[in-house]
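Colleague: Here it is, the structure in full.
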Amino acid sequence: MIILGIESSCDETACAIVKNGADVLSNVVYTQIKLHQPWGGVVPEIASRAHVEKISGVISAAVEEAVASGAISGAGDINAVAVTYGPGLAPALLVGLNAAKGLAMSLGVPLFGVNHIEAHLHTPFLESETDPGKAMPALGLAVSGGHTSWIDMPEYGEYTIIGQTLDDAAGEAFDKAAKLLGLGYPGGPVIDRKAREYDGHDFIAFPKGRPRPGTAALAGLDADLCTSFSGLKTALLNYVRKIRGDDISAPVPDITRICASYQKAIVDSLADRTAAALKRRRYKSLIVGGGVSLNGALREALAKVAGSAGVDLLMAKPKYCGDNAAMIAGLAFYRQNLADDAAMEIDVHPSLEAGEDPAD
Ligand code: KG4
Ligand code: ZN
């Protein structure tokens, strides 16, 4: 089955064509990073305007790429259209959803609505021989700019959130720190790079993002499987304030040590909660997806955690870690819970949770 996927939940306009959930026939991603850089973060109005400008060109490019490689002979070979309808920025999601509805209608093929977080957890299976069903039961870890969640996956296509951040997502924690340190946007890659330049072991003791048990924000989740990064951000702010004094834009000395210490606090926190979650039941694999999974220190830490727990670590190729549409088209092959008329009538769901049924 050949599915064309569309992704527009945040600052990437993307379209991809994927055969049978794994074979990527084309993958086109237009990133808006440059448009948002002057603002130090994603501006929803700028994002939706850029999606409107780019979406048809990106869809045509994905079809042309698949035709040029000889994988399909034209748009007529597409069997279905898939699109993410949440979570994400409402005005941005709307652009992709409307384009997908129009395209499915004009091609006369079914439309599938796909959850963006669930799709991140499909990325290790793209261009892979691994059958998702055989990797179950799995613990999923979605780490991106908007999300940090631990997800229990007993079967492929079943998702229950067992832990999450109570405030900032891991990527957001990287982005906010980089802004504070004057390192630009997005923060993850630059902090990763600066941290790598630090060759000492004298780390600043930043808080490890452990929520207090009994906190109302846990909403019934176990504190041992949740994180909170707002205290870490404040600790960095206080640390930097002490150095800068009254000159709030003064360059900060010792930047590589600060970045390495801040990154270590995030990575230790994610690795610790993952190790705790892996002890809760007998898992076969640990599936990691999302932009933050590009982080070198996190990849190393999770490899150790998975090794000691005796589970397979499944991570995406770097090009599928950030937002892309191959993950949308790929997951739609396996999970068609929102299809046909229901998908045609669906509105965007900016706060959609993994495993949530849109009809609930
Ligand atoms: O998955 P993604 O592209 O978009 C969302 O769904 O949010 O993730 C973007 C996030 C940003 O916060 C960015 O700073 C972070 O991923 N990121 C990284 C790295 N590369 C991207 N964080 C840490 N280390 C990296 N190397
Ligand atoms: Zn994402």
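No value in this document is a laboratory result; all are computed from the given coordinates. What you are looking at is a predicted structure, and each value in this text was computed from that prediction instead of being measured. Quick reminder, even Gly has a Cβ in these numbers, built from the backbone with ideal geometry, and neighbours come from all protein chains shown.
Colleague: Could you tell me which residue of the stretch 108-131 is nearest to ligand 1 (Cβ to nearest atom), considering only residues that are over 20 Å from SER8 (Cα atoms) and in a helix (DSSP H, G or I)? Full working, then the answer.
Modeller: First, the residues of the stretch 108-131 that are over 20 Å from SER8 (Cα atoms): 108-109, 124-125, 127-131.
After this cut, where a residue has to be in a helix (DSSP H, G or I) as well, the list is 124-125.
Details: PRO124: 14, PHE125: 17 Å.
Only one residue tops the list, namely PRO124.
Colleague: Shifting gears a bit: Among the residues of the stretch 1-26, what is the count of those that are away from ligand 2 (no atom under 15 Å from the Cβ) and either without any contact (Cβ under 8 Å) to a residue 40 or more places away in the chain or not charged (D, E, K, R) (or both)? Let's see the steps before the verdict.
Modeller: Quick first cut of the stretch 1-26, residues away from ligand 2 (no atom under 15 Å from the Cβ) only: 1-4, 15, 17-26.
Going one step further and asking which of them are either without any contact (Cβ under 8 Å) to a residue 40 or more places away in the chain or not charged (D, E, K, R) (or both), we end up with 1-4, 15, 17-18, 20-22, 24-26.
Number satisfying all stated conditions: 13.
Colleague: Can you pull out every residue in the stretch 294-328 that is assigned to a helix (DSSP H, G or I) and within 15 Å of ligand 2 (Cβ to nearest atom)? Lay out the reasoning, then the answer.
Modeller: Just the residues of the stretch 294-328 that are assigned to a helix (DSSP H, G or I), to begin with: 294, 296-309, 318-320, 326-328.
If the condition is that a residue be assigned to a helix (DSSP H, G or I) and within 15 Å of ligand 2 (Cβ to nearest atom), then LEU294, PRO318, LYS319, TYR320, ALA326, MET327, ILE328 are the ones that fit.
Colleague: Would you check which residues across the stretch 314-342 are touching a helix residue (DSSP H, G or I) at 6+ places or on another chain (Cβ under 8 Å) and among the aliphatic types (A, V, I, L, M) and list them?
Modeller: Answer for the stretch 314-342, where residues must be touching a helix residue (DSSP H, G or I) at 6+ places or on another chain (Cβ under 8 Å) and among the aliphatic types (A, V, I, L, M): LEU314, MET315, ALA316, ALA325, ALA326, MET327, ILE328, LEU331.
Colleague: Sort through GLY140, GLY209, GLY133 and tell me the only one that's within 16 Å of ligand 2 (Cβ to nearest atom) and either under 30 Å from ASP23 (Cα atoms) or buried (at least 20 other Cβ atoms within 10 Å of the Cβ) (or both).
Modeller: Working: GLY209 fails: within 16 Å of ligand 2 (Cβ to nearest atom); GLY133 fails: within 16 Å of ligand 2 (Cβ to nearest atom).
Of the residues listed, the single one that is within 16 Å of ligand 2 (Cβ to nearest atom) and either under 30 Å from ASP23 (Cα atoms) or buried (at least 20 other Cβ atoms within 10 Å of the Cβ) (or both) is GLY140.
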